[in-house]
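K.L.:
Dropping a structure here in structure tokens format, bear with me for questions.
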Amino acid sequence: MTVEKDSLRLVVQKSGRLTEKSLSLLERSGLVFDWSKDKLFSRCENFPCDLMLVRDDDIPEYVFDGVCELGIVGLNVLQEKMLAQQPKDKSSITILRKLGFGQCRLSIAVPKEFSYDGVQSLAGKRIATSYPQTLSEFLGRNRVEAKVVQISGSVEIAPTLRIADAICDLVSTGKTLISNGLREVEEVLQSQSVLVKTPEPLSKAQERTLDRLLQRIDGVRKAANSKYIMMNAPRAAVESIKDILPGMENPSILSLGGHEDKVAIHAVASENIFWETMERLKAVGASSILVVPIEKIID
Ligand code: PRT
Ligand code: ZN
């Protein structure tokens, strides 16, 4: 009897901005890896999902070709590589989840002195970028004819070096643009890290592994955004309290021994609870308000 393969391979960035958060998500999902010395491949000790670590630029191809069934990569890198992928007939990578870290935007920026008056101001100009496909697609969509100059690093210095009139690069805080005398004028793409799946078919057993992994990842992410809140309150204030905490799901209302008119309220709130919210709860009569973090959730 042959046993159907149930294990998955997940590829993540080896060393860079997404590495720590990708590994932390997996760790919080309960996966323990047996780290090998070279750190290129790590077997998972307690779940059928092994890890590959590569440069982020290689991740889309590994997943597209089915070398790895899953990957974590920035949407910016994924989109650039997928636009470059020639066989349009082959089904593509699926985005399973947006993971909420590595947020940035791919933007066009021009030198401060460039008189910019809408996207047509870029017509006939040279734009330096490491994202030629995504930029060309944006320019085409906006019917702008500009020259795309592909460079691989330090894109922000291209105007100073007179290699280009404008740039198209990733921005998060915007500090790099400002310190290079540049001004952001168009947003081409909003990006964050995503969990992706190969277009190659998975076995039934692998699908089951994937469902378990997704349940854990969702549980970790939901928990990270949720709080457990407990308080005592006058029975008459329950409705006002529900209004103050709209993210509160099915609160448990418990009688308080010896107090007919008072209850204890326990609930999961699906959003952060700020001091201001607690002050409002107190103002409608709540007391002994406790807010505690949640580690894991399975619905
Ligand atoms: O070695 P490898 O090829 O794996 O890594 P890499 O050097 O290509 O990528 P890395 O680790 O720098 O970034 C990985 C991913 O992080 C990117 O593909 C994005 O999805 C995401 N990310 C999020 C960012 C940024 N924020 C970011 N700010 N990637 C790069 N930057 C750079 C940007 O290129 C610019 O130089 O930071 C600078 C701008 O930052 P601010 O804060 O000054 O605006
Ligand atoms: Zn890279």
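K.L.:
More than 21 Å apart: what percent of Cα pairs in the range 10-85 qualify? Intermediate values should be presented prior to the final figure.
P.N.:
On the way: 638 of 2850 pairs.
Beyond 21 Å sits 22 percent of the P(r) for the range 10-85.
K.L.:
Is it possible to state the helix-based mean residue ellipticity at 222 nm for the chain, with each DSSP H run of 4+ residues giving -39500 (n - 2.57), the sum divided by total residues, to the nearest 500 deg cm²/dmol? What is it? Write down the numbers at each step before the final one.
P.N.:
Numbers: 8 runs with 78 residues, N = 299.
Calculated from helices alone, the mean residue ellipticity at 222 nm is -7500 deg cm²/dmol.
K.L.:
Net charge near PHE33, counting Lys/Arg +1 and Asp/Glu -1 over other residues with Cβ under 11 Å of its Cβ? Before the final figure, lay out the partial values.
P.N.:
Numbers: positive: LYS39, ARG43; negative: GLU27, ASP34, GLU45, ASP50.
Computed value for this residue: -2.
K.L.:
Now for a separate question. Once the Cα atoms of helix 19-28 and of the chain are each reduced to a long axis, what angle between those two axes, in degrees from 0 to 90 to the nearest 10, is obtained?
P.N.:
So the helix axis and the longest Cα principal axis differ by about 30 degrees.
K.L.:
How compact and how long is the range 220-262, expressed as Rg and Dmax of its alpha-carbon atoms in Å?
P.N.:
12.5, 39
K.L.:
Rg and Dmax of the range 178-258, using alpha carbons, in Å: what are they?
P.N.:
Spelled out, the Cα radius of gyration and Dmax of the range 178-258 are 23.0, 69 Å.
K.L.:
Something else: Past 19 Å, Cα to Cα: identify those pairs from LYS21/LYS98; LYS39/LYS222; LYS147/LYS175; LYS222/LYS296; LYS227/LYS296, in the order given. Numbers along the way, then the final one.
P.N.:
Working: LYS21/LYS98 13 Å; LYS39/LYS222 30 Å; LYS147/LYS175 26 Å; LYS222/LYS296 8 Å; LYS227/LYS296 11 Å.
Listed pairs above 19 Å: LYS39/LYS222; LYS147/LYS175.
K.L.:
Is the C-alpha gyration tensor of the range 76-224 telling us rounded, prolate or oblate? Criteria: a/c under 1.5 is rounded; beyond that, a/b larger than b/c is prolate, otherwise oblate. Before the final figure, lay out each step's value.
P.N.:
Values: a/c = 3.13, a/b = 1.90, b/c = 1.65.
The shape class here is prolate.
K.L.:
Can I ask one more? Please give the FRET efficiency for LYS296 paired with SER152, using the beta carbon to beta carbon distance and R0 = 35 Å, rounded to the nearest 0.05. Intermediate values should be presented prior to the final figure.
P.N.:
Working: r = 41 Å, r/R0 = 1.18.
That pair, LYS296 with SER152, gives E of 0.25.
K.L.:
Over the range 55-113, what is the relative contact order in percent, taking alpha-carbon pairs closer than 8 angstrom and at least six residues apart?
P.N.:
Rounded, it is 30 percent for the range 55-113.
K.L.:
What number comes out for the charge environment of LEU23, summing +1 per Lys or Arg and -1 per Asp or Glu over other residues with Cβ under 13 Å away?
P.N.:
Values: positive: LYS14, ARG17, LYS21, ARG28, LYS39; negative: GLU20, GLU27.
Overall, the nearby charge balance is +3.
K.L.:
Moving on to the next point. State the answer as a single residue: which of VAL291, MET230, PRO132 lies farthest towards the positive end of the charge dipole of the chain, with beta carbon charges of +1 for Lys and Arg and -1 for Asp and Glu, about the Cα centre.
P.N.:
PRO132
K.L.:
I would also like to ask the following. Dividing the Cα radius of gyration by the Kirkwood radius, what Rg/Rh value follows for the chain? Display every interim value, and only then the final one.
P.N.:
On the way: Rg = 25.0 Å, Rh = 22.8 Å.
We get a ratio of 1.10 for the chain.
K.L.:
Suppose every K and R has +1 on its Cβ and every D and E has -1 on its Cβ; what is the size of the dipole of the chain about the Cα centre, in Debye to the nearest 20? Walk me through the numbers before you get to the answer.
P.N.:
Working: 39 positive and 40 negative charges, 51 e Å.
Computed about the Cα centre, the dipole is about 240 debye.
K.L.:
Can you give the net charge of the other residues whose Cβ lies under 11 Å from the Cβ of SER136, counting K and R as +1 and D and E as -1?
P.N.:
Working: positive: ARG141, LYS147; negative: GLU80, GLU137, GLU145.
Net local charge, SER136 excluded: -1.
K.L.:
Defining a contact as two alpha carbons under 8 Å apart and six or more residues distant in sequence, what relative contact order in percent does the chain show?
P.N.:
Working: 570 pairs, mean separation 58.6, N = 299.
Reported as a whole number, the value is 20 percent.
K.L.:
Cα-Cα pairs above 21 Å in the range 203-299: how many percent? Please report the intermediate quantities before stating the final value.
P.N.:
Details: 1904 of 4656 pairs.
Everything past 21 Å amounts to 41 percent.
Taken together, the values in this text are just the output of simple stated rules run on the coordinates, not laboratory data. Just so we're clear, the structure is a prediction, and the values are computed from it rather than from any experiment. Please note: Cβ atoms are built from the backbone with ideal geometry, for glycine as well, and neighbour counts cover all protein chains shown.
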